[in-house]
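Chemist: Dropping a structure here in structure tokens format, bear with me for questions.
Since every read-out is calculated from the coordinates, none of them should be taken as a lab result. Owing to the predicted nature of the structure, the values given are computational and were not obtained by experimental measurement. Neighbour counts are summed over all protein chains in view; Cβ atoms, including those assigned to glycine, are modelled from backbone coordinates with ideal geometry.
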Amino acid sequence: MSKKPLTLSIVIPAYNEQGYLSACLDSIAAQTVLPAEVIVVDNNSTDDTVKNAESYSFVKVLKEKRQGVFFAVRKGFKTAKGDIVGRIDADTILREDWIETVLNKMSAEPTAAITGPVSYYDMPLPRANYWFDHLMRELVYRFAYDKSPFLYGSNLAFRRQIWRKVAGGLCAEQDIHEDIDLAIHIKEAGGRIVYEKALLSGASGRRYNDALKSFGGYIAMYKRTYGRHGLRSPAIYAAMFMWSLGYILMHPWRNAWYSLYGRFNNFYPLSREARKNPMSSL
């Protein structure tokens, strides 16, 4: 008797994402295997985010009044009906085989969650810059997983049954990374997290638009998240260093890059606005 095929729901938290959401949803519509459902959780947007989401017939829009990415994704996760729940950001652009890759990997292996690298599509060398992201994550996964398990909010999926197991204990603080916190709880619950190079997605590098103080606060959230669980690892500082190095290299001349990029590429949305730490009051 053949096993019933797994189904997948996609959850996208969104706060004032009118410049990015349509490209994200277009990439979902172009998948080789379509999801069972797509849930956009609006977190008090004041722009056309909801209007854009509702223009796609396959999208279900939910409202979450409590401000914060933790509350937004939690509402989406509780509503999702798929065996697998994919969680991406509104600026994520999925490779056309993303869903197919998730389902194949999670059907073949006893995996609780899966994540992969990203290519920063509005940064220099978008076809190659994911190698730096991949190298950092691969090294952490191979050599420091016990002390620094991770999932990446732009590119992750997990079994709904593991979510049910850990949901009650997740940390709701606004000054930690909810995706990393989820990874820690899944690992503590005995779930296996897989890092898969082939699970590639696109993401915006707009974090480098941040002012130095805001960017520093975002980076400090890495250490704070692991510290919340008593975890210490050199890999945490390595990740913080790599993010900071990218900021040092890109922030001073980002406007020149955006101007040059915009002359030759009209597809991807661009934003020169700073980005708050994920949908919080920080």
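Chemist: May I ask you to sort CYS171, CYS24 by Cβ crowding, counting other Cβ atoms within 10 Å and putting the fewest first?
Modeler: Numbers: CYS171 15, CYS24 26.
Fewest-to-most Cβ neighbours within 10 Å comes out as CYS171, CYS24.
Chemist: All other residues with a Cβ under 14 Å from the Cβ of LYS147 taken together, and with Lys, Arg as +1 and Asp, Glu as -1, what is their net charge? Before the final figure, lay out the partial values.
Modeler: Values: positive: ARG142, LYS187, LYS223, ARG228, ARG232; negative: ASP146, GLU188.
Charge balance near LYS147 sits at +3.
Chemist: Looking at THR32, TRP243, GLN174, which one has the Cα that reaches farthest to the positive end of the dipole of the range 8-264 (charges on Cβ: Lys, Arg +1; Asp, Glu -1)?
Modeler: In the range 8-264, that residue is GLN174.
Chemist: Helix-only mean residue ellipticity at 222 nm, the chain, DSSP H runs n ≥ 4 weighted -39,500 (n - 2.57), per residue, nearest 500. What is it? Kindly include the intermediate steps, with their values, before the conclusion.
Modeler: Numbers: 10 runs with 113 residues, N = 282.
Taken over the chain, the calculation gives -12000 deg cm²/dmol.
Chemist: Quick one: 3J(HN,Hα) in Hz for the range 207-219, Karplus 6.51/-1.76/1.60 with θ = phi - 60°, rounded, Gly and Pro as x.
Modeler: Values per residue, Gly and Pro as x: 4, 6, 7, 4, 5, 4, 4, 5, 5, x, x, 5, 5 Hz.
Chemist: Express the C-alpha Rg of the range 1-93 as a ratio against the empirical globular expectation 2.2 N^0.38 Å, rounded to two decimals. Before the final figure, lay out each step's value.
Modeler: Working: Rg = 13.2 Å, N = 93, 2.2 N^0.38 = 12.3 Å.
Against the empirical 2.2 N^0.38 Å value, I get 1.07 for the range 1-93.
Chemist: Residue-wise, which Karplus ³J(HN,Hα) couplings in Hz belong to the range 10-16, taking 6.51 cos²θ - 1.76 cosθ + 1.60, θ = phi - 60°, and x for glycine or proline?
Modeler: Karplus values, whole Hz, x for Gly and Pro: 10, 10, 10, x, 8, 9, 6.
Chemist: Taking the alpha-carbon distance from LYS65 and a cut-off under 15 Å, which aspartates and glutamates remain once sequence neighbours fewer than 8 residues away in the same chain are dropped?
Modeler: Answer for LYS65, where 15 Å is the Cα cut-off: ASP42, listed by chain and number.
Chemist: Straight-line reach from LYS147: which aspartates and glutamates have a Cα under 18 Å away, not including same-chain ones fewer than 8 places off?
Modeler: Within reach: GLU138, GLU178, ASP179, ASP181, GLU188.
Chemist: Quick one: if you stick a label point 7 Å off each Cα along the C-beta vector at LYS3 and TRP253, how many nm between them?
Modeler: Going from the LYS3 label point to the TRP253 one covers 5.0 nm.
Chemist: Nearest 0.05, what FRET efficiency do GLU173 and LYS147 give at R0 = 22 Å with Cβ-Cβ as r? It would help to have the intermediate numbers written out before the result.
Modeler: Working: r = 20 Å, r/R0 = 0.92.
That gives a FRET efficiency of 0.60.
Chemist: I would also like to ask the following. In the set (i) 58, 53, 33; (ii) 58, 38, 36; (iii) 59, 45, 36, which value of Cα extents along the principal axes in Å was calculated from the structure you see?
Modeler: Working out Cα extents along the principal axes in Å from the coordinates points to (iii).
Chemist: Oh, and also: Mind scanning LYS81/LYS105; LYS4/LYS81; LYS60/LYS165; LYS165/LYS187; LYS105/LYS197 and naming the pairs with a C-alpha gap bigger than 21 Å?
Modeler: LYS60/LYS165
Chemist: Quick one: ILE88, ILE162, fewest Cβ neighbours within 10 Å first, how do they rank?
Modeler: Working: ILE88 25, ILE162 21.
With the fewest neighbours first, ILE88, ILE162 line up as ILE162, ILE88.
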